[in-house]
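The values are calculated or read from the model by the stated rules, or taken from the named source; none is laboratory data. None of the values given here were measured: they were computed from a predicted structure. With ideal geometry, Cβ positions are generated from the backbone for all residues, glycine too; neighbour counts draw on all protein chains shown.
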Amino acid sequence: MTGIYVHIPFCERKCNYCAFISFSSAENTRENYIDMLDSEIKSRADGRKINTIYFGGGTPSILSSSQIEKVSNVIKQNFDLSTLEEWTIEANPNSISEEFLKTCKKLGINRISIGVQSLSDTNLKKIGRLHTKNEAIEKIKLAKQYFENISVDLIVGLEGETGEVLCDYAKTLLSLGIKHISCYLLEVYKNTKIFEMIEKKEFAPLDDDAQIDAFEKLSDFLQKNGMIRYEISNFAFPGFESKHNIGYWTREEYFGFGISAHSFLGGERIENAKTLSDYKNGSKKVEKLSDKEILEEIVMLGLRCNQGANINSLKKLGYDISKNEYFSQYIKQNILKTENNKIFLNERFYDVSNTIISNLLPN
Amino acid sequence: MKDLKKIRNFCIIAHIDHGKSTLADRLIEMTGTVSKRDMQEQILDSMELEREKGITIKLAPTRLVYEYENKEYILNLIDTPGHVDFTYEVSRSLVACEGALLLVDASQGVEAQTLANTYLALDNNLETVPVINKIDLPSARVEEVKEEIEEVIGLEAQSCPCISAKEGTNIDQVLKAIIEKIPAPTGDESAPLKCLIFDSHYDNFKGAICLVRVFDGTVKAGDQILMMQTQKIFEVTEVGIFVPNTKQVESLSAGDVGYIAASIKTISDVKVGDTITDATNPIKTPLPGYKEVQPVVFCGIFPVDGAKYGELKDALEKLKLNDASLHFSPENSSALGYGFRCGFLGLLHLEIITERLEREFDLDIITTAPSVSYNVYKTNGECLEISNPSNLPPQVEISKIEEPIVKVNIFTPPEYVGTIMELCQDKRGIYKDLQYIDKRRVELKYTLPLGEIIYDFFDSLKSRTRGYASFDYELSGFEQAELVKVDILLNGEKCDALSMIVHKDKAYNRGRDLAERLKKIIPRQLFEVPIQACIGSKIIARETISAMRKDVLAKCYGGDVTRKRKLLEKQKAGKKRMRKFGSVEIPSEAFMSILKLDEDDQ
């Protein structure tokens, strides 16, 4: 299994909560970037079989059809897509058009992930999104005409968005036929607009406990309606789990193309440069994982999703996790369970998983 | 033949901050003992902590050479600590001297420690020479302070040197007074060797080094010496003096202050206060030595990492060599594992030892709240000395408990008398006396339970009097009191390291305060954790730490696994300062929180 991630760092405007690398840039910068992407893909490609592709950002839907085609074609020409199972593109409601959808469909993209974030016009405005509730609903309906597999992103923790409010949003979204929801807890970083707004009391997100309350209510609702919480932040109807994301949790290989993109190849975690000029020079951070780091990854990634961590894989690398000082306590407290030589974290403890996972890391 | 008449052995005694180390610096400079290039402030305070806190903890001897009236004199200065906790160190240095300079701040006047140190000097038959310092200050009141010295202490002060150690004014008068007023040592260098170990420290290359005052005889490399108390014999490898760094010399003889190295590998073979004599021709009777000092404040010290128990033990043994007043014995706590119950001279001493363990030995330690030692009489007639609250027998087996009581002298400007009396009352003090020394100074006498003083008495006194009051205390005995043990249950399990012995009337408040404080300090856990304070089986307070809700890395941006891994590694590393107690994880600072109980009330 190998995946490809392509990072498109452009947005029409930066969202107020975003601490991520994105540029709201001129057309020629985008064009240049697409050229850089092309040459990166060409130089690193090895023609291997690819199972999943993910165009993320930023806002990939901001690209013109010809730009999307250009990148897609470079991938097609330099890799073997005969066994491709899933190809996702992220899109914002306001930049979804018929033309965009048609282009995607034509290229073979079969999954679209829409950044809805909220269905409150007030909150959408406050967090700096450019769409409204109605526009989001309309664009989902439109996308639905071209794609069966639609995912939406929701943020949990916005002002006034309690569990009841979120369940209401979920009801609307499910009725539109979406197959997958990613729910992210609002994270406030210091150098963001939202941080300033909170300081100035222009925005009042839910406090941590209320956020988790809301999240749990939403999670219960989605599961009651047939979705599976297959990872901390991800819910899907059976069969619609994101294969690309599961690849991350099961430590499959992936290429990451584009500025600040991450790759995992040949036991190395590779991070592309974070500025355009460094990226153009092809500078990268390469980290060869030690056995201990591999162990840490297996525990950390396996426990944050329903894939579990394989006890034998850990043992082979010299870590008998059952001897960890917390292990038997967690089993007794029903925090962990073992099945088929794998350890799983009880879904009810996902929201406090940092404590549990860090305790279970090898010394 | 050496002329004893040209030797003076003296020390400087003073209240803290009256300028002792600065005067020592000036004397060293004036006599050219250290070149200008090597001179630094507080030159005798070699410990990092001493310079930082501006205090002297250890004795530091140095030899000054001074020409006076065409004769060359050797002046051996032994610097001494000024804090009440280190009275014992002061008294050790006094035995090695014939005289003392009593340094008094010209604006502060006589303070609690001035008096306490003078009494020590008089007890040791030292010639005490008053010196008034800081005459350069605008607030200096030289004449009044002279009168204070005469009235309060009873020393003649009209002709005493009035100096500014800071500016170097009249330092020659101090040197003159040392030579003229302090008697020369007596002794016979051809008699059998008799010297007193007044301090010791450990050198990784030379072994244990004895700091000695030679009273009779001569000692040189190659001599066989006998430690009279431990009955151990060693061959001297080196003798020397302090200038103030060590300098090897041919021999030390009667009247000298210096050091002896003898490849002594076992730290406990050197006992401060012991007498060294010639192994081949020993004297019959040793010098009186020192009375064994009794620790009054106790606490548990545990390694944060249980595996470092051995390192902690080594470190305590090394500190003990320099500091005979440090006591320790192994202790096992259900919450903290293996460690040591340590005894100290006071809170500052405790603080200094714990800081030295962390800085000089690079150890991460957990200290439990300080306690005093109680006499506990059981109904079966047995009497126990309990310094660890968790060892207190059940209430029903106790017929009575006695707690240590101290006599306290407080010097203060009169306007603070009211607030000080209130503080003493609150601390279960009993008023004894109040005297006006002059218009500006009042001396207050109280007796107080030591257990109350070790909580926050120092800090409260300082803050209530804006630092103007000084105080000194001495142990006066034991008195019966209605004391109970308050235990803390975490998740229903008794956490021994958090138990405390308190007066019955204060138990409810202390228990409630501690439970509240622990609730603030202990982070939320995966499950709800009840905190209960109880006396015996009776619950007197309850708090609940609600379960942790949010501790999650929600998003994995574009497969950035490394960032996540590093965050979790960091979280795991942070856990090293936590103690696991049952399924509850407690940060190390929680164990000191009992001490800080009263701070928030202010």
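Can you confirm whether A:Asp278 is without any contact (Cβ under 8 Å) to a residue 60 or more places away in the chain, in contact with a helix residue (DSSP H, G or I) (Cβ under 8 Å, 6 or more places away or on another chain), away from every other protein chain (no Cβ under 14 Å) and of a type in the set (D, E, K, R)? No: the conditions fail for A:Asp278.
Listed by position, the helices (runs of 4 or more DSSP H) contained in the stretch A:289-363 that have at least 1 residues being free of Cβ contacts under 8 Å to residues at least 40 places away in the same chain, under 25 Å from A:His244 (Cα atoms) and not small (Gly, Ala, Ser) are A:291-303, A:311-316, A:353-360.
Looking across the stretch B:123-155, the residues that are of a type in the set (Asp, Glu) and closer than 21 Å to B:Glu443 by Cα come down to B:Glu143, B:Glu144, B:Glu147, B:Glu148, B:Glu150, B:Glu151. In the set (1) more than 17 Å from B:Lys564 (Cα to Cα); (2) facing another protein chain (nearest Cβ under 9 Å); (3) at pLDDT below 95, the condition left unmet by A:Ser260 is number (1). Does A:Leu63 meet the test of being without any contact (Cβ under 8 Å) to a residue 40 or more places away in the chain and not small (Gly, Ala, Ser)? Against the criterion (without any contact (Cβ under 8 Å) to a residue 40 or more places away in the chain and not small (Gly, Ala, Ser)), A:Leu63 does not qualify. Screening A:Phe221, A:Phe195, A:Phe255 for residues that are in contact (Cβ under 8 Å) with a residue 60 or more places away in the chain and either among the basic types (Lys, Arg) or farther than 19 Å from A:Leu345 by Cα (or both) leaves exactly one candidate, A:Phe255. Can you confirm whether the stretch A:237-256 contains a residue that is over 30 Å from A:Val74 (Cα atoms), at pLDDT 95 or above and basic (Lys, Arg)? Looking for residues that are over 30 Å from A:Val74 (Cα atoms), at pLDDT 95 or above and basic (Lys, Arg), one finds none in the stretch A:237-256, hence no.
Of all residues in the stretch B:199-226, those being within 19 Å of B:Lys318 (Cβ to Cβ) and buried (at least 21 other Cβ atoms within 10 Å of the Cβ) number 6. Any chance the stretch B:109-125 includes a residue that's in the same structural domain as B:Asp25 (by TED's automatic domain parsing), among the charged types (D, E, K, R) and more than 22 Å from the chain's Cα centre (by Cα)? No.
The requirement of being closer than 16 Å to B:Met548 by Cα and surrounded by fewer than 20 Cβ atoms within 10 Å (Cβ to Cβ) is fulfilled somewhere in the stretch A:336-346, by at least one residue. Selection of the stretch A:158-183 for residues being closer than 25 Å to A:Cys18 by Cα, of a type in the set (Val, Ile, Thr) and surrounded by fewer than 20 Cβ atoms within 10 Å (Cβ to Cβ) yields A:Thr162, A:Val165.
Here is a yes/no grid of residues against (1) of a type in the set (Gly, Ala, Ser); (2) within 24 Å of A:Met36 (Cβ to Cβ); (3) modelled with pLDDT under 95; (4) not in a helix (DSSP H, G or I):
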residue	(1), (2), (3), (4)
A:Val74	no, yes, no, no
A:Thr88	no, yes, no, yes
A:Phe100	no, yes, no, no
A:Cys104	no, yes, no, no
A:Ile109	no, yes, no, yes
A:Ile112	no, no, no, yes
A:Val116	no, no, no, yes
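Looking across the stretch A:198-214, the residues that are among the aliphatic types (A, V, I, L, M) and either more than 23 Å from A:Arg348 (Cα to Cα) or surrounded by 20 or more Cβ atoms within 10 Å (Cβ to Cβ) (or both) come down to A:Ile198, A:Ala204, A:Leu206, A:Ile212, A:Ala214. Among strands (runs of 3 or more DSSP E) lying entirely in the stretch B:372-429, which contain 3 or more residues that are of a type in the set (S, T, N, Q) and touching a Phe, Trp or Tyr at 6+ places or on another chain (Cβ under 7 Å)? Those strands (runs of 3 or more DSSP E) span B:398-412. If you check B:Glu351, B:Glu311 for being more than 17 Å from the chain's Cα centre (by Cα) and either part of a strand (DSSP E or B) or farther than 23 Å from B:Asp487 by Cβ (or both), only one passes: B:Glu311.
Can you work out which of the residues in the stretch A:332-350 that are farther than 18 Å from B:Glu585 by Cβ and within 14 Å of another protein chain (Cβ to nearest Cβ) is nearest to the chain's Cα centre (by Cα)? Among residues in the stretch A:332-350 that are farther than 18 Å from B:Glu585 by Cβ and within 14 Å of another protein chain (Cβ to nearest Cβ), the one nearest to the chain's Cα centre (by Cα) is A:Tyr350.
Residue-wise test of (1) within 14 Å of chain B (Cβ to nearest Cβ); (2) exposed (fewer than 15 other Cβ atoms within 10 Å of the Cβ); (3) over 18 Å from B:Lys572 (Cβ atoms).
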site: A:Ser283; (1), (2), (3): no, yes, yes
site: A:Ile298; (1), (2), (3): yes, no, no
site: A:Asn310; (1), (2), (3): no, no, yes
site: A:Lys315; (1), (2), (3): no, yes, yes
site: A:Tyr330; (1), (2), (3): yes, no, no
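Take B:Leu475 and tell me if it is within 30 Å of B:Glu397 (Cα to Cα), of a type outside the set (D, E, K, R) and not in a helix (DSSP H, G or I). The answer is yes for B:Leu475. Of the residues making up the stretch B:143-177, those that are farther than 21 Å from B:Ala24 by Cα and assigned to a helix (DSSP H, G or I) are B:Glu143, B:Glu144, B:Val145, B:Lys146, B:Glu147, B:Glu148, B:Ile149, B:Glu150, B:Glu151, B:Val152, B:Ile153. Of the residues contained in the stretch B:281-300, none is found to be polar (S, T, N, Q) and assigned to a strand (DSSP E or B). Residues in the stretch A:65-99 that are out of contact with any Leu (no Cβ under 9 Å at 6 or more places or on another chain) and of a type in the set (D, E, K, R) were compared, and the one that is nearest to A:Ser242 (Cα to Cα) is A:Glu86. For the stretch A:208-257, the tally of residues that are more than 18 Å from the chain's Cα centre (by Cα), within 12 Å of chain B (Cβ to nearest Cβ) and among the hydrophobic types (A, V, I, L, M, F, W, C) stands at 3.
Within the stretch B:145-168, does at least one residue satisfy the condition of being among the small types (Gly, Ala, Ser), buried (at least 19 other Cβ atoms within 10 Å of the Cβ) and not assigned by TED's automatic domain parsing to the domain that holds B:Gly32? The answer is no; no qualifying residue exists.
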